[in-house]
Amino acid sequence: MKAILPVAGKGTRLRPHTHAKAKSLVQVAGKTVLEHIVSRLALLDIDEYIFIIDENGAQIKTFMADHFPHLNCSYAVQQDRLGPAHAVWLAAPFIKEGDDVLIVFNDTIFVTDLSRIAQLCAGCDGLIFSKEVEDYQRFGVNIIQDGLIVDMVEKPQTPISRLAQVGLYYLKDAASFMGYLQQTIEADETVKGEFYLPAVFMRMVRDGKKFRAPEIEAWLDCGKAETLLETNRYLLQGRHHSHVEVVDSVLIEPVHIGERAVVRNSILGPNVSVAADSFVENCIIRDSIINGGCVVKSVILSSSILGDDVHLCGAPKIMNIGDSSLIDLGV
């Protein structure tokens, strides 16, 4: 099996955290998004990981070499922003006859049992992993008949289906799939100038290819600050902090504290992740993500994300307040 991971893209919805960093290297619950994804693929027999990168590709290469040196990784550069289907098509030179392929987009972290792929795909040509959602108007959804996908609708206005595509796909015949990608690009089937995978899949369905839409357990969005914090909460469930240097502090689980981090005279939690090499002192922090190498002193934080190597220092206040006063500090 080959795995295609499109990790190009500006990540504009996550700025300022993606101004100088690939969006898949943003941290959540003590790991980068990319590390969460690649770790979930470990159970599969993947021969080659094919990354579609952009100008931040050197960061991806360095990260994979440092954290997963045993994996066979290849890289293709997406020079032009022509959409997700175009990004996947750039992996064509690495695909050979007989390959099957798993495609994983990096805006989301999935929770599902990938070891069941062969069972789920028995008797069909591919899987388009999905999740039932309430806000179906935001997504491309699958129309199912007799257990197979018969149509796809992008952002439907009526609840014709709530089964949204989650950016995780499996194709039994990767070489044939690349051919359909080529056809779609040559036909210039674009939406607002970009190529999308539903047009490719519908070509295949019209040619008699069969797809199922297995539903995953959880679909964790990492594309925006608010959803990144939601994902942090989900992934920290049941997590207990590492036994690093915690002095005169209270930890309200779940809390994750990375290696070589120091926490002093603080209250952390719930739902706080502090990455490696950070220093936290005299703080109250809840529902937040502190990335690596940060120094945080004398602040109260909630629903916050601090990028790498941030220094955030407040100051204790002295107050002399009389009876029947109302003080609002904007917290």
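List the residue pairs whose Cβ atoms are under 7 Å apart, where the first residue sits in the range 2-30 and is without any contact (Cβ under 8 Å) to a residue 60 or more places away in the chain, the second is of a type in the set (Gly, Ala, Ser) and assigned to a loop (DSSP other than H, G, I, E, B), and the two are 6 or more positions apart or on different chains.
Partner pairs satisfying both residue conditions: Thr18/Gly11.
Return a yes/no flag: does the range 6-20 have any residue that is part of a loop (DSSP other than H, G, I, E, B), out of contact with any Asp or Glu (no Cβ under 6 Å at 6 or more places or on another chain), within 23 Å of Cys294 (Cα to Cα) and among the aliphatic types (A, V, I, L, M). Working first, answer last.
First, the residues of the range 6-20 that are part of a loop (DSSP other than H, G, I, E, B): 7-11, 15-20.
Remaining after also requiring out of contact with any Asp or Glu (no Cβ under 6 Å at 6 or more places or on another chain): 7, 9-11, 15-20.
Filter once more, keeping what is within 23 Å of Cys294 (Cα to Cα): 11, 15-20.
Right, trim to among the aliphatic types (A, V, I, L, M) and you get 20.
There is at least one residue in the range 6-20 that is part of a loop (DSSP other than H, G, I, E, B), out of contact with any Asp or Glu (no Cβ under 6 Å at 6 or more places or on another chain), within 23 Å of Cys294 (Cα to Cα) and among the aliphatic types (A, V, I, L, M).
Residues that are free of Cβ contacts under 8 Å to residues at least 24 places away in the same chain and surrounded by fewer than 13 Cβ atoms within 10 Å (Cβ to Cβ): find the strands (runs of 3 or more DSSP E) completely inside the range 285-324 holding 2 or more of those. I'd like the intermediate steps shown before the answer.
Details: elements: 288-290, 295-297, 300-302, 311-313.
By residue number, 311-313.
I'm trying to understand the selection: among the residues of the range 243-269, which are modelled with pLDDT of 90 or more and either crowded, with 19+ Cβ neighbours inside 10 Å or polar (S, T, N, Q) (or both)?
Correct list: Ser249, Pro254, Val255, His256, Ile257, Ala261, Val263, Asn265, Ser266, Leu268.
Filter the range 75-96 down to the residues that are out of contact with any Ser or Thr (no Cβ under 9 Å at 6 or more places or on another chain) and part of a loop (DSSP other than H, G, I, E, B), then identify the one that is nearest to Ala3 (Cα to Cα).
My answer is Ile95.
How about the range 121-148: which of its residues are under 19 Å from Phe105 (Cβ atoms), aliphatic (A, V, I, L, M) and surrounded by fewer than 20 Cβ atoms within 10 Å (Cβ to Cβ)?
The answer is Val133, and nothing else.
Which condition breaks for Val26 when tested against (1) among the β-branched types (Val, Ile, Thr); (2) touching a Ser or Thr at 6+ places or on another chain (Cβ under 6 Å); (3) closer than 27 Å to Gly292 by Cβ?
Only one criterion is unmet by Val26, namely (2).
Return the residues of the range 150-172 that are in contact with a Gly (Cβ under 8 Å, 6 or more places away or on another chain) and over 14 Å from Glu134 (Cα atoms); say none if nothing qualifies.
Step one: list which residues in the range 150-172 are in contact with a Gly (Cβ under 8 Å, 6 or more places away or on another chain), which gives 152-155, 164-165, 169-172.
Result: Met152, Val153, Glu154, Tyr169, Tyr170, Leu171, Lys172.
Based on this model, can you work out whether His70 counts as surrounded by fewer than 18 Cβ atoms within 10 Å (Cβ to Cβ), of a type outside the set (A, V, I, L, M) and more than 11 Å from Ala3 (Cα to Cα)? I'd like the intermediate steps shown before the answer.
Values: surrounded by fewer than 18 Cβ atoms within 10 Å (Cβ to Cβ): yes; of a type outside the set (A, V, I, L, M): yes; more than 11 Å from Ala3 (Cα to Cα): yes.
In short, yes.
Out of the range 153-171, which residues are in contact with a strand residue (DSSP E or B) (Cβ under 7 Å, 6 or more places away or on another chain) and over 12 Å from Gly140 (Cα atoms)?
Scanning the range 153-171 gives Leu168, Tyr169, Tyr170, Leu171.
Report yes if Asp100 is of a type in the set (Asp, Glu) and surrounded by 17 or more Cβ atoms within 10 Å (Cβ to Cβ), otherwise no. Step through it out loud before you land on a result.
On the way: of a type in the set (Asp, Glu): yes; surrounded by 17 or more Cβ atoms within 10 Å (Cβ to Cβ): yes.
Yes, satisfied.
The values are calculated or read from the model by the stated rules, or taken from the named source; none is laboratory data. Remember, predicted model here, so these are calculated numbers, not experimental data. Backbone-built Cβ (ideal geometry, glycine too); neighbour counts: all protein chains shown.
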